[in-house]
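The structure appears right after this line, and notes come after that.
Bear in mind that the values in this text are calculations on the coordinates, not laboratory data. What you are looking at is a predicted structure, and each value in this text was computed from that prediction instead of being measured. Glycine also receives a Cβ, built like all others from the backbone with ideal geometry; neighbour counts cover every protein chain displayed.
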Amino acid sequence: MPGTENDNDENGSPPPFFVYYNPRIHSLRLMAILAICIVLALVPFWVENAEIGPVLVIAGIVIVFLIWAYMTGSRIRDRSPQVVVDTNGIFVRDWHIGVLPWDQIDFIAHSSSVRRGIVAALTRSRRGPYLLFKFIQVPKVVPSTSPPLSWLQKIWTEMELQEPAIMEYGLDAKASVILSAIQDHIAYWQSTRDETSVEATIVSPHPH
C-alpha cells in the first residue's frame, strides 16, 4: 500500500510518500492475457486444413502477448517504488529522469480538470484518472536499459515527456491521493523558499 515512512519529520516537513504497483490489478491483467493466448493457440486446431500463413500470424500475435504477460508478471513481483514524493521533488520511474525538483515543475493538474492533448492521444492510451504535468524545461532522459533497447526507450520516453503524466491504473494509490501528497510537499517547499524566488508551481484544485 502507498504510504509514508514517518508521520512527521524533525524539521516539520511532510513525510515521504511512496507509490507501488498494485499486484492485484496486474494479476488480473496477467490472467486475461494468458486466457487470450490460450484461445489464440487453440484456433488452428479448431480450423480444418489451417494454412501456414494464418498460423504464423497467430503465432506472432501469441508471442507478442506472451511478452506482454512477462512484463505484467514482472510488475507483480516488483516492489520498488514507482512514484516517490518528498522534499527533494518527485521521482517517477517511468519518466527515466531521476528526481525532478519542485522548481522545475510549472503546472500539475488532475485529469478531471484538463483536456486530453494531441500528443497524449498519439503516445499513450490514457485511462483516467491521471495527473498531468508541465515542466519548466524538459529534463534529459536517462534510459535504464542497454542499446539497442535504450534507444527505443529514450525515443518513447521523450515523446511521453511532451505531456508527462502519472497514470492511476496499475498503481496502489489514487491520483487524487498522490496529488494531495504533492500539494503538501509543494506547500512546505514554497513556505521555506526565499520570497524573491521565481513564481510558485501551479497545482489544480483537488478533485472531488
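Descriptive notes on the structure:
- Cleavage-rule hits (trypsin sites (Lys or Arg not before Pro)) in the range 1-106: DSSP loop, at most 12 neighbouring Cβ within 10 angstrom: ARG79
- Gyration tensor (alpha-carbon) shape descriptor, the range 22-168, a/c threshold 1.5: prolate
- Of the trypsin sites (Lys or Arg not before Pro) found in the range 123-182, those that fall in a DSSP loop while having at most 15 other beta-carbon atoms within 10 Å are ARG124, ARG127, LYS140, LYS174.
- In Hz, Karplus ³J(HN,Hα) per residue of the range 85-101 (6.51, -1.76, 1.60; θ = phi - 60°; x = Gly, Pro): 10, 8, 5, 7, x, 10, 10, 10, 4, 5, 7, 6, 10, x, 7, 9, x
- Across the alpha-carbon atoms of the range 23-77, the computed radius of gyration and Dmax are 13.1, 42 angstrom.
- Each Lys and Arg adds +1 at its Cβ and each Asp and Glu adds -1 at its Cβ; summed about the Cα centre, the range 27-170 shows a dipole of about 180 debye.
- Excluding same-chain neighbours fewer than eight residues apart, the lysines reachable from LYS154 by a Cα-Cα span under 18 Å are LYS140.
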